[in-house]
1. Going through Ile383, Ile362, Ile351, Ile336 one at a time, which residue ends up being part of a helix (DSSP H, G or I), surrounded by 18 or more Cβ atoms within 10 Å (Cβ to Cβ) and touching an Asp or Glu at 6+ places or on another chain (Cβ under 6 Å)?
2. Pairs only if they're at least six apart or on different chains, beta carbon under 6 angstrom, first in region 291-317 and under 15 Å from Glu136 (Cα atoms), second of a type in the set (Asp, Glu); list them, first residue then second.
3. Can you tell me which condition Ala186 does not meet? The list is (1) under 25 Å from the mean Cα position of the chain (by Cα); (2) over 24 Å from Gly370 (Cα atoms); (3) loosely packed, with under 15 Cβ neighbours inside 10 Å, and all the others hold.
4. Identify all residues within region 76-94 that are without any contact (Cβ under 8 Å) to a residue 40 or more places away in the chain and not small (Gly, Ala, Ser); write none if there are none.
5. Looking at region 239-273, which of the residues that are among the hydrophobic types (A, V, I, L, M, F, W, C) and assigned to a loop (DSSP other than H, G, I, E, B) is surrounded by the most Cβ atoms within 10 Å (Cβ to Cβ)?
6. For region 115-132, which residues satisfy the criterion of being in contact (Cβ under 8 Å) with a residue 12 or more places away in the chain and either surrounded by fewer than 15 Cβ atoms within 10 Å (Cβ to Cβ) or not in a loop (DSSP other than H, G, I, E, B) (or both)?
7. Please give the number of the condition Thr97 fails out of (1) surrounded by fewer than 17 Cβ atoms within 10 Å (Cβ to Cβ); (2) farther than 30 Å from Glu341 by Cα.
8. Quick one: which of Arg202, Arg118, Arg151, Arg191 is among the basic types (Lys, Arg) and within 30 Å of Ser335 (Cβ to Cβ)?
Amino acid sequence: MTTPTSPLAADLPQERRLVTAIPGPKSAELQARRVSAVSAGVGATLPIYIEAAGGGVLLDIDGNSLIDLGSGIAVTSVGNAAPKVVAAVQEQVAKFTHTCFMVTSYEGYVEVCEALNRLTPGDHEKRSALFNTGAEAVENAVKIARAYTKRDAVVVFEHGYHGRTNLTMAMTAKNMPYKNSFGPFAPEVYRVPLSYPFHDGRDGAKAAADAISRIDKEIGADNVAAIVIEPIAGEGGFIVPAEGFLPALVEYSNANGIVFVADEVQSGFCRTGAWFASEHEGIVPDIITTAKGIAGGLPLAGVTGRAEIMDSVHVGGLGGTYGGNPVACAAALGSIATMEELDLNAAAREIEAVMRPRLSTIADKTGVIGEIRGRGAMIAVEIVKPGTDEPDAALTAAVAKACHAQGVVVLTAGTYGNVLRFLPPLTIPAHLLDEALTVLEEQFLALTGH
């Protein structure tokens, strides 16, 4: 595996180094301050506090250097403090930080929209609009689809995650922690089965036919404004639908005047080894939503779609005070330039080529990994009780906790809480990825008695 290098990351030793327990005393002290100052409703995977990050490591305030296999949930794909991102942000901050694009415009916003129109699937004429978060992008995609079709119903899928606003909570499948006690939710949102090959064993065409039948019988195609789906379910556990499932839904949408929306907030921007996960099956969404990896860690999101759909909204119907902030736009342009210059699509594919065999070895030795799935550097393992497909959330949590104690940041996911997901920076040095996988294997073996 070849690894893109970062001049700034080179200033931060690319090593796993533990000088205290995790968390260390300084982090514990700051955690006590957090408890008295921050709402208890804001969770934390690992109670450490970071003072620097880059390449493939996170340096905490106690001097511990941890290997990062989370990228801030697929955000810092180009690495933390990527040189082109830092330079672009510094230059823009020195010029101006805000005017509100809806009041007085600036070139950076236009440039990001041009880049999105160029990079997203399809050679049709496109338009884009910029927002702050993935949830905001999804909500605006629904608004646009409703304005264009003059219909109300929105179809989403089991195991899907689309955000934490009222509408996107309605669209999100999992109750805890995302929805519990927060209702009532927005109406006219309908959920149908997702293709989940590990559990349902169906081929893509059959799974799609079942979902389409539900739409026809329970909602009516003529009432549906949009079908919204993640090409790879993120929080749901990195579920890759069976081949043919997504193309069948696109065909159905096209035939019935439904806007097909691909939620690529987590899977976009080189994460899967292609610019967008939609490309793996050659589907062309009518609208695509983006965020996370777009801007190297700054808050930015986009909605990109067919020109006739995007332009159907009345003037003033889209926007927001901070949407497409000039500093975030500068960061996005630096991030996209980094992706192109370093060919981070290839880097993601190389990461997958390293990870899959190592994860297969763990599966063979322990018997507790039911499936290894994902694409590129968006890889997960579903952990089950041996010889079954019964979720083992307790073991999943234990493995994650053990990895954290050994200085490797991993994330959990899945409707059943039994998925370990891996989202390393696409710039992670090869030796760090190898070491992280060694630590992961050691913890699996220790916890399963092998």
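1. Ile362
2. Taking only residues 6 or more apart or on different chains, the pairs are Ala301/Glu136.
3. (3)
4. Within region 76-94, Gln90 is the sole residue that qualifies.
5. This residue is Phe269.
6. Ala115, Leu116, Asn117, Leu119, His124, Glu125, Lys126, Arg127, Ser128, Ala129, Leu130, Phe131
7. Among (1) surrounded by fewer than 17 Cβ atoms within 10 Å (Cβ to Cβ); (2) farther than 30 Å from Glu341 by Cα, the lone unmet condition for Thr97 is (2).
8. Only one candidate passes the filter, namely Arg118.
Here, each number is a calculation from the coordinates, and none is a lab measurement. Values in this document were obtained by computation on a predicted structure and should not be read as measured data. Positions of Cβ are backbone-derived with ideal geometry, glycine not excepted, and every protein chain shown enters the neighbour counts.
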